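Engineer: The structure that follows is given in the form of structure tokens.
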Amino acid sequence: MKYLSTIKQYILYVLVLALVFGSCKAGNGRGTHKKVAVIVSTLNNPWFVVLAQTAAAQARALGYDTKIFDSQNNTAVEADNFENAISAGYNAILFNPTDADGSVSNVLEAKAAGIPVFCMDREVNSVDAATSQILSDNYSGCVAIGKYFVEKLHKHGKYAELLGLVGDNNTWNRSKGFHSVVDFFPGLTMVAQQSADFDRNKAMEVMESILQAHPDIDAVFCGNDAMASGAYQALVAAGKANDVKVFGFDGAQDVIESIQNKKIVATGMQFPKVMAKTAANYAGEYFKGKRDFPKKMPVAVELVTQENVSDYTGYGKKD
Amino acid sequence: MGRKVFKYLIIAVAVVLLAYNSVYFKKLDEVKAERAANTFNAASYAQNFWNKKLTPALHSAIAVDKLIPSLDSDPKQAFDSWSHALGIGNLRYFLIKGSGTVAAVDSDDITVSMAGMAGQKIKIATEYIFGNAARDATGLININDFSRTMDFNNVSAEINAIIRKKVLPLLKRAKVGDSISFTGAIELNKEHLNLSQIEAVPVAVNILPQKL
């Protein structure tokens with residue numbers, strides 16, 4: 001009887017130990033099977049859907065469990081997503097921030113929990129918060145657009161600029177790149193510079209009001225393709241689509257088609273799939289022990305014009 | 001009474017100590033100097049890069065008459081051997097050298113007929129000195145030298161400013177028929193290679209006027 005009781009006691013100890021170690025493994029996910037969270041600013045924009053889905057697919061292809069968290073362009077939702085990812089035991093976060101400043105605390109929280117964060121496409125304003133930031137080379141892409149813009153306008157004319165969200169670093173990197181070229185040419189005069197928040201409808205409204213004040217502009221440079229499409233719509237409505245040259249940035253499918261149809265002059269092709277795959281690969285390398293990642297890794301942006309558009313498709317090159 | 005005075009004295013000392021340790025005075029010059037010391041100086045970095053890295057690396061430029069045939073026959077091998085870029089993607093940069101005869105002088109560039117390469121022409125930019133070609137072509141800049149995105153963008157702009165100041169005045173004296181040797185940086189797209197419109201950003205040039 002006493003012998004049976006001792007055996008029962010041993011079984012109980014073993015069960016308790018199994019429960020404790022088992023729950024630890026499931027709880028913190030730091031076991032051999034790794035989990036990668038993809039936290040994206042919004043899934044309400046096809047560009048970011050491509051970014052998030054490619055990151056998740058690449059992480060899965062490397063053998064990791066993945067889940068996509070949608071921050072709905074809201075820093076508070078993003079903070080919840082980070083808390084959930086940390087408590088659910090994710091081992092790495094592939095991150096597209098909602099706000100360069102507002103997202104820093106979330107990245108630092110993950111860092112404090114020992115979880116590496118790899119930023120994709122948008123950066124956070126901190127040198128050492130993220131493990132690495134893989135970003136479109138917006139500035140250089142807009143240098144190329146600026147050069148083509150000057151050539152197409154033969155160094156003379158009036159133009160307007162539609163900016164993206166004024167709190168977003170990409171907005172200013174693009175604008176600075178463009179002006180680093182265009183401002184060298186005194187024959188080119190910027191008559192209006194307004195934000196349209198990267199939004200197509202807002203761009204249409206802003207463009208309408210710019211055209212009322214400056215009906216004689218020769219070109220408009222837009223900080224993304226959604227705004228380029230909105231600006232083009234406003235020009236069509238005003239009967240000026242053939243007089244005003246429209247330049248965008250992104251490489252969205254509808255703008256690639258507009259370039260093919262000679263409606264829009266040029267755009268800068270970003271490569272969300274390259275950024276997403278690189279971020280997932282970096283997470284894999286981190287798991288294998290690598291720590292010396294570049295703090296910023298620029299991804300080249302390519303100029304797409306009516307001359308070379310046949311080489312491209314939306315969000316990348318033709319295979 | 002004595003205890004009350006002592007109590008007020010302790011409070012007063014505590015307040016003074018707190019106030020003293022809460023407020024610091026510094027000379028404005030010192031604060032400005034400190035801030036300047038912590039700010040990345042792109043112009044200084046670019047000048048140092050020009051003097052200590054780019055100029056000594058000019059001899060290692062790949063000769064145009066070797067590069068073009070290699071790009072024709074085995075582009076991957078040519079890109080792997082001689083191209084560089086600070087980031088990732090299809091745009092890569094080469095440091096090239098060559099010589100020939102000035103075939104045309106236009107407002108934005110001069111066209112050089114390359115010596116020993118029948119029909120091969122290279123344009124040398126004289127107006128559009130922009131982009132990362134001169135910064136990246138040697139492969140001698142380390143991306144980890146930069147913590148802010150704008151820092152490495154500004155380095156490109158400053159290197160291009162040096163070219164405008166030091167190299168363009170020489171190039172603008174070129175006339176059709178002059179002999180020219182040059183070292184420059186070019187950008188090529190490794191996925192969609194176009195060898196018919198190569199344009200070099202000049203880094204060093206030597207022009208021998210045509211004998212009349």
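Engineer: Using only the Cα atoms, work out Rg/Rh for the protein assembly as shown, with Rh taken as the Kirkwood radius, to two decimals.
Structural biologist: 1.09
Engineer: Just add up the charged neighbours of B:GLY131: K/R +1, D/E -1, any other residue whose Cβ is under 11 Å from the Cβ of B:GLY131.
Structural biologist: Once positives and negatives cancel, what remains is -2.
Engineer: Give the aspartates and glutamates reachable from B:LYS76 as a straight Cα distance under 16 Å; neighbours fewer than 8 places away on the same chain don't count.
Structural biologist: In chain and number order, the partners are B:GLU187, B:GLU191.
Engineer: Could I ask something else about it? Using the Cβ atoms and a cut-off under 14 Å, what net charge is assigned to the surroundings of A:ALA52, where Lys and Arg are +1 and Asp and Glu are -1? Write down the numbers at each step before the final one.
Structural biologist: Numbers: positive: A:ARG60, A:LYS67, A:ARG122, A:LYS273, A:LYS277; negative: A:ASP70, A:GLU78, A:ASP121.
Residues close to A:ALA52 contribute a combined charge of +2.
Engineer: As a test of the definition: which semi-axes, in Å, follow for the stretch B:9-141 when you take the square root of five times each eigenvalue of its alpha carbon gyration tensor? Largest first, please.
Structural biologist: Its equivalent ellipsoid spans semi-axes of 56, 18, 12 Å.
Engineer: Holding the Cα-Cα limit at 25 Å, pick out from A:LYS290/B:LYS190; A:LYS155/B:LYS165; A:LYS273/B:LYS123; A:LYS277/B:LYS190 the pairs that are longer than that. Mind dumping the intermediate values first?
Structural biologist: On the way: A:LYS290/B:LYS190 28 Å; A:LYS155/B:LYS165 21 Å; A:LYS273/B:LYS123 34 Å; A:LYS277/B:LYS190 19 Å.
Going by Cα-Cα distance, A:LYS290/B:LYS190; A:LYS273/B:LYS123 fall outside the 25 Å limit.
Engineer: Mind sorting A:ILE93, B:ILE62 by how few other Cβ atoms lie within 10 Å of their own Cβ, fewest first?
Structural biologist: The order, fewest Cβ neighbours first, is B:ILE62, A:ILE93.
Engineer: Return the percentage of antiparallel bridges among DSSP beta bridges fully within the stretch A:138-282, rounded to the nearest 5 %.
Structural biologist: That works out to approximately 0 percent antiparallel.
Engineer: Quick one: work out Rg over Rh on the C-alpha atoms of the stretch A:144-222, Rh as Kirkwood radius. If you can, show how the numbers build up before the last one.
Structural biologist: On the way: Rg = 12.2 Å, Rh = 12.8 Å.
So for the stretch A:144-222, dividing Rg by the Kirkwood Rh gives 0.96.
Engineer: A follow-up question, please. Taking the Cα atoms only, what angle lies between the long axis of helix B:28-38 and the longest principal axis of chain B, rounded to 10 degrees?
Structural biologist: Orientation of helix B:28-38: about 40 degrees from the principal axis.
Engineer: Can you tell me which aspartates and glutamates have their Cα less than 19 Å from the Cα of A:LYS158? Leave out same-chain residues fewer than eight positions away.
Structural biologist: Cα-Cα hits under 19 Å: A:ASP183, A:GLU208, A:ASP216, A:ASP218, A:ASP243.
Engineer: Select from A:ASP225, A:ASP128, A:ASP199 the residue whose mean-square fluctuation is largest in a Gaussian network model of chain A (Cα-Cα springs shorter than 10 Å).
Structural biologist: Judging by the Gaussian network model, the answer is A:ASP128.
Engineer: Of the candidates B:ALA161, B:ALA12, B:ALA43, which one comes out as most mobile in a Gaussian network treatment of chain B with C-alpha springs shorter than 10 Å?
Structural biologist: With Cα springs under 10 Å in chain B, the top fluctuation among B:ALA161, B:ALA12, B:ALA43 is at B:ALA12.
Engineer: Could you work out the mean count of beta carbons from other protein chains within 10 Å of each residue's beta carbon in A:290-300? Don't skip to the answer; put the middle values down first.
Structural biologist: Details: counts 0, 0, 1, 1, 7, 6, 10, 4, 11, 5, 11.
Average neighbour count from other chains, rounded to a whole number: 5.
Engineer: Helix A:272-287 against the longest principal axis of chain A: what's the angle in degrees, Cα atoms only, rounded to the nearest 10?
Structural biologist: 30 degrees
Engineer: Compute a Gaussian network model of chain B, connecting alpha carbons closer than 10 Å, and tell me which residue from B:THR149, B:THR183, B:THR126 fluctuates the most.
Structural biologist: B:THR149
Engineer: Roughly what % of Cα-Cα distances in the stretch A:210-319 sit above 26 Å, to the whole percent?
Structural biologist: Considering the stretch A:210-319, 34 percent of its Cα-Cα pairs are separated by more than 26 Å.
Engineer: Relative to the longest principal axis of the C-alpha atoms of chain A, give the angle of the C-alpha long axis of helix A:138-152, reported between 0 and 90° and rounded to the nearest 10°.
Structural biologist: The answer is roughly 20 degrees.
Engineer: Work through the residues other than B:THR111 whose Cβ is under 15 Å from its Cβ and net out their charges, Lys, Arg +1 and Asp, Glu -1. Don't skip to the end; give the middle numbers.
Structural biologist: Numbers: positive: B:LYS121, B:LYS123, B:LYS172, B:LYS175; negative: B:ASP106, B:ASP108, B:ASP109, B:GLU127, B:ASP178, B:GLU199.
Summing Lys and Arg as +1 and Asp and Glu as -1 gives -2.
Engineer: I want the antiparallel fraction of DSSP beta bridges within the protein assembly as shown, as a percent rounded to 5.
Structural biologist: Percent antiparallel among DSSP bridges in the protein assembly as shown is about 45.
Each reported figure results from applying straightforward, stated rules to the coordinates on display, with no laboratory input. Since we're looking at a predicted model, the values are computed, not measured. When we count neighbours, we look across all protein chains shown, and the Cβ atoms used for this are built from the backbone with ideal geometry, even at glycine.
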